[in-house]
Amino acid sequence: MIDRLIRKIKETENPTVVGLDPCLEIIPQGIKSDVFHGLGRTPEAVGDIFFKFNKAIIDSVNDLVPAVKLQIAMYESYGVPGIASYIRTIEYAKEKNLIVIGDIKRGDIASTAEAYASHIGGIEIEGKVYDCWKEDAITVNPYFGTDGIAPFLFNCERYGKGIFILIRTSNKSSFELQELTVAGTGAPLYHHVADMVSSWGESLIGKEGYSSVGAVVGATQIEQGNALRNKLPHVFFLVPGYGAQGGRGKDLKGYFDRDGLGIIVNSSRGIMGAWCKDAELSQDPKLNIEFAQASRKAVLEMRSDLQLAMEG
């Protein structure tokens, strides 16, 4: 997975991943009205609305970006129709040759961890394997330790998939746990987790020099992110926190490696909701092409911003 992702980043000259994390408030009224008229104000209607919205954005930006990331909670909250929309979106993104990251942040042990790992390994029914979720990579919580990660590592190796493990996240209160000092080391907890991530991924390093076991490192944790890049030369970073949370391209210079690679940067609201910032469109664009063009413009601006950081 990681080699394919890096090749796509090189092809597009863009380390941007588009976060497809829809909510009704960010979707133009014209799309909602059409679907609600036919299906009523139901979870089924919302699932259809989410897919129509996502599809329009994918159509607009698929030639500009290497990947999309879907936060599963936004879909799970609508039950079965939401999950169906999640899977439909993934299938459509892959038709457009995009890498798909499922932001699921799973973590547990034993048979439960194995079940969660089916997101990147499929399920076997009497000798036949079904890939129900179709993600290329997923996010994983490391706080159950090695036995909580092992099933994901097995599926990465067996099926050519990837994981991004939480190390230093972008939320404001993350320091409450992640910066606690580890007894006997004097180092913060996230450094210890980083060492474990590096160890877990040693056997999964691809031709491009990076492991399929990556890390989540927030764009708002600049000093820590820079230190982690030096500490983890073979670990690829998934970087949330750009744009709406305050992260900027110039903040990420130290996250890139010497070749201008090593990270993929997520933006969700800044791209999905770009139409809301356009004075001409904020009165509610009626056509998919109008709000989707605003998303395309936002991607182009983000690419330019990140390219400056990539070049050092």
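The values are calculated or read from the model by the stated rules, or taken from the named source; none is laboratory data. Given the structure is predicted, the values throughout are model-derived calculations rather than measurements. Cβ sites come from the backbone with ideal geometry, for glycine too, and all protein chains shown count toward neighbours.
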Please state which one of ILE99, ILE104, ILE120, ILE87 is of a type outside the set (Gly, Ala, Ser), surrounded by 16 or more Cβ atoms within 10 Å (Cβ to Cβ) and in contact with a His (Cβ under 7 Å, 6 or more places away or on another chain). ILE104
Scan of segment 60-80 for residues that are assigned to a helix (DSSP H, G or I) and either at pLDDT below 95 or in contact with a Ser or Thr (Cβ under 8 Å, 6 or more places away or on another chain) (or both), ordered by number: SER60, VAL61, TYR75
Would you kindly identify the helices (runs of 4 or more DSSP H) lying entirely within segment 99-192 that contain at least 2 residues that are among the β-branched types (Val, Ile, Thr) and more than 18 Å from the chain's Cα centre (by Cα)? 146-159
Picked from segment 54-69 (must be without any contact (Cβ under 8 Å) to a residue 60 or more places away in the chain and crowded, with 21+ Cβ neighbours inside 10 Å), the residue farthest from LYS32 (Cα to Cα) is VAL68
Restricting segment 128-172 to residues that are within 30 Å of GLU95 (Cβ to Cβ) and basic (Lys, Arg), the one surrounded by the fewest Cβ atoms within 10 Å (Cβ to Cβ) turns out to be LYS128
I'm checking my understanding of the structure. Among residues of segment 21-59 that are over 24 Å from ILE138 (Cα atoms) and of a type in the set (Gly, Ala, Ser), which one is modelled with the lowest pLDDT? GLY30
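Looking at LYS250, LYS231, can you tell me which residue is at negative phi, basic (Lys, Arg) and at pLDDT 95 or above? Working first, answer last.
Numbers: LYS250 fails: at pLDDT 95 or above.
None of the other options fit; the residue is LYS231.
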Of all the residues that make up segment 175-196, how many are crowded, with 16+ Cβ neighbours inside 10 Å and either closer than 19 Å to ASP136 by Cα or among the hydroxyl-bearing types (Ser, Thr, Tyr) (or both)? 1
Test set (1) more than 14 Å from LEU166 (Cβ to Cβ); (2) among the aliphatic types (A, V, I, L, M); (3) touching a strand residue (DSSP E or B) at 6+ places or on another chain (Cβ under 8 Å) - ILE109 fails condition number: (3)
State which residue is surrounded by the fewest Cβ atoms within 10 Å (Cβ to Cβ) when the search covers only segment 24-48 and only residues that are without any contact (Cβ under 8 Å) to a residue 40 or more places away in the chain and within 17 Å of ARG269 (Cβ to Cβ). GLU25
